[in-house]
Amino acid sequence: MLPARTPSPSFPVRFSSLSKPLLVLIGVAGIFLGCARASKSHETVLTFSGSALGAEGTLVAKQLKDFMRLNPGIRVELQRTPDDASQRHQLYVQWLNARVGNPDILQLDVVWTPEFAAAGWVLPLDRFGPASSEFFPATIVANTWAGRLYALPWFADVGLLYRRTDLVPREPATLHELVTDAQQAMARPGGPRFGIVWQGARYEGLITGFVEYLGAFGGRILDDSGRVVVNQPAAVRALQFMRDELYASQIAPLDVLTWHEEEARFAFQNGTSVFMRNWPYAVGAMSDKTQSRVAGKFAVSPIPASGDPGGHSTATLGGAQLAINAYSESPAAAYKLIAYLTAPQQMLERAQAVGQYPTRQSLYSDPRLRTAIAIPPEDARRAIESATPRPVTPIYTELSEILQIELHRALVRQAEPQDALNSAASRINALIDRTGMRKLMSAARQTTDVPDTAGAGAPLPADRSQ
Ligand code: GLC
């Protein structure tokens, strides 16, 4: 249901004061307009929302155009939303709380689906018969809530370590080695100003990096039974490493605590950093010699383990999903568009244009994927299959906000890592109790059969220079 529109301001001219010929003209024009409207009324108008930056924006616009050509009765309008995951989330929540039917199609982050599903904001897709088994199981699990599928995975993200191959020829085997490599490269005459750039702003990106350091030291946010373990010794060591080795040591820029994906990419692309933590999308723009100073001089590899016992190389599972707004007036047409955008051909085209990893398993044996993405497809496939998901729960956003605040307090030395994580753990426990989620989280685990990939550790994909 659409909200009532604001009535247009009344026409300020009194008809009686107009000349006859003019009145006829207006009438005829009205009839024409009426006809135009009538024929347009056979058209279904869909609004598609999502990130549409740079090459990705060009690709989305092209694919929407292709879709409209194949479906002449459907017109799709693109509604841009912010790139910052937390800002987009906020905007969606405002719209959906107001029961607005636009945008019809929502680009959801992998961690939002349970929240949107539990709130009744997105439609279950089962009625459309999606071929779920063709996608990576972890991406389907992330989009399933209480046994029903609510979104189709569009592309998969895994956290990667980018490095300058002209400065550090071999990938670091441990985090400690990474720090030494960074310091040595910075100390070279004319060496880059920074050792590593990452997403340190207080938003979802900070949590994705934290999950990787957590795994590297052998820690987790929740254990298998849903207990909060984010203040255990391994987690404290991970946060200490972020604060002392990655931030206070000044191998990262001072203002990294305000940076998102794009600020990190710009810095690395301009040659000012030895390493960067980012998602696969960054490869495309950075390989383009016309805009990148590091084209042909960088490689991607997994974020290494700390080197401490119990730690393992970890990549956070991210990615985008497409879901239908529960208040949409055209769910069938919306699904048609989702099915089109997530079809093999469009996914392959996305990989070729922006280097993002497909969520369809069969594409990993398609030879065209080999030249499209930065690492061999079999390595990308293994990285996705073993990537670490963030907790699958409708209260994820609140949980993440608590952690974001406490991590920042520790990084800026307002609190010691142990105290900040104790505070995070007790606030997350209070949240779980207040929302009655302890029971729901275990119910979800039974109905969705969540695989325990956390702790599996990402196998090391082979290095590949760009
Ligand atoms: C990327 C990932 C998403 C993650 C976000 C954090 O968009 O796909 O899962 O939450 O970055 O910034």
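The values are calculated or read from the model by the stated rules, or taken from the named source; none is laboratory data. Keep in mind that what you see is a predicted model, and the values were worked out from it rather than measured. Methodologically, a virtual Cβ is constructed for each residue, glycine included, from the backbone with ideal geometry; neighbour enumeration extends over all protein chains shown. Note: accessible area is taken over every heavy atom of the protein model, side chains too, but ligands, DNA and RNA are not part of it. Shrake-Rupley method; radii C 1.70, N 1.55, O 1.52, S 1.80 Å.
Residue by residue through segment 68-75, which ³J(HN,Hα) values in whole Hz follow from phi under the Karplus form 6.51 cos²θ - 1.76 cosθ + 1.60 (θ = phi - 60°), with glycine and proline marked x?
Going residue by residue, I get 5, 5, 6, 10, x, x, 10, 10 Hz, with x marking Gly and Pro.
Ignoring ligands and nucleic acids, what accessible area does residue 363 show with a 1.4 Å probe (Å², nearest 10)?
Looks like 10 Å² after rounding.
Using only Cα atoms, tell me the angle between helix 204-217 and the longest principal axis of the chain; keep it within 0 to 90° and round to the nearest 10.
30 degrees
Round to the nearest 10 and give me the degree value, 0 to 90, for the angle of helix 85-97's Cα axis relative to the longest principal axis of the chain.
Tilt relative to the chain: about 40 degrees.
Which whole-Hz couplings ³J(HN,Hα) result when phi for each residue of segment 293-309 is put into the Karplus expression 6.51 cos²θ - 1.76 cosθ + 1.60, θ = phi - 60°, listed in order with x for Gly and Pro?
7, 10, 4, x, 10, 9, 9, 10, 8, x, 5, x, 6, 5, x, 7, x
Residue by residue, what Karplus-based ³J(HN,Hα) values in Hz, rounded to whole numbers, does segment 268-280 have, using 6.51, -1.76 and 1.60 with θ = phi - 60° and x for Gly and Pro?
5, 5, 7, x, 9, 9, 7, 10, 8, 9, 7, 8, x
For the chain, what does the accessible surface come to per residue with a 1.4 Å probe? Please give it in Å².
Values: 19980 Å² over 466 residues.
Solvent-accessible surface per residue comes out at 43 Å².
To the nearest 10 Å², what's residue 336's accessible area with a 1.4 Å probe?
Rounded to the nearest 10, the figure is 110 Å².
Net charge near residue 399: determine it from the other residues with C-beta under 15 Å of the C-beta of residue 399, scoring Lys and Arg +1 and Asp and Glu -1. Intermediate values should be presented prior to the final figure.
Numbers: positive: 202, 220, 227, 390, 427, 434, 438; negative: 109, 115, 204, 223, 398, 401, 406, 433.
Once positives and negatives cancel, what remains is -1.
Amide H to amide H under 5 Å from residue 196: which residues, 5+ apart in sequence or cross-chain, H placed 1.01 Å off N in plane?
Answer set, sorted by chain and number: 252, 274, 275.
Would you compute, for the Cα atoms of segment 288-404, the largest minus smallest coordinate along each principal axis and list the three values in descending order, in whole Å?
Ordered largest first, segment 288-404 gives principal extents of 52, 40, 31 Å.
Would you tally the net charge around residue 363, using a Cβ to Cβ cut-off of less than 15 Å, leaving residue 363 out, and scoring K and R as +1, D and E as -1? Don't jump to the answer; show the numbers that get you there.
Working: positive: 350, 360, 368, 370, 381, 382; negative: 134, 349, 366, 378, 379, 385.
Here the count lands on 0.
Charges only on Cβ, +1 for Lys and Arg, -1 for Asp and Glu: so what's the dipole of the chain about the Cα centre, in debye to the nearest 20?
On the way: 45 positive and 43 negative charges, 287 e Å.
Once rounded to the nearest 20, the dipole reads 1380 debye.
Quick one: order 42, 408 from most to least accessible surface, probe 1.4 Å. Walk me through the numbers before you get to the answer.
Details: 42 155, 408 35 Å².
Descending accessible area places them as 42, 408.
Calculate how many DSSP beta bridges within the chain are antiparallel, expressed in % of all such bridges and rounded to the nearest 5.
Details: 27 of 40 bridges.
Bridges in the chain are about 70 percent antiparallel.
With no solvent and one equal point scatterer placed on each C-alpha of the chain, evaluate the Debye formula and give log10 I(q)/I(0) for q = 0.10 Å⁻¹, two decimals.
So the normalised log intensities are -0.74.
What net charge do the residues around residue 44 carry, taking every other residue with its C-beta under 10 Å from that of residue 44, with Lys and Arg at +1 and Asp and Glu at -1? Please list the in-between numbers first.
On the way: positive: 75, 336; negative: 43, 104, 329.
Taking every Cβ under 10 Å from that of residue 44, the sum is -1.
Not counting ligands, DNA or RNA, and with a 1.4 Å probe, what is residue 68's accessible surface area in Å² rounded to the nearest 10?
Here the accessible area works out near 50 Å².
Taking the 0 to 90 degree range and rounding to the nearest ten, how far is the long axis of helix 331-341 tilted relative to the main principal axis of the chain, both from C-alpha atoms?
That works out to roughly 50 degrees.
Going by amide H atoms built from the backbone, whose H comes under 5 Å of the H on residue 76, apart from near neighbours?
46
With a 1.4 Å probe and every protein chain kept in, tell me what percent of the accessible surface of the chain is carbon plus sulfur.
Working: 11030 of 19980 Å².
Answer for the chain: carbon and sulfur cover 55 percent of the accessible area.
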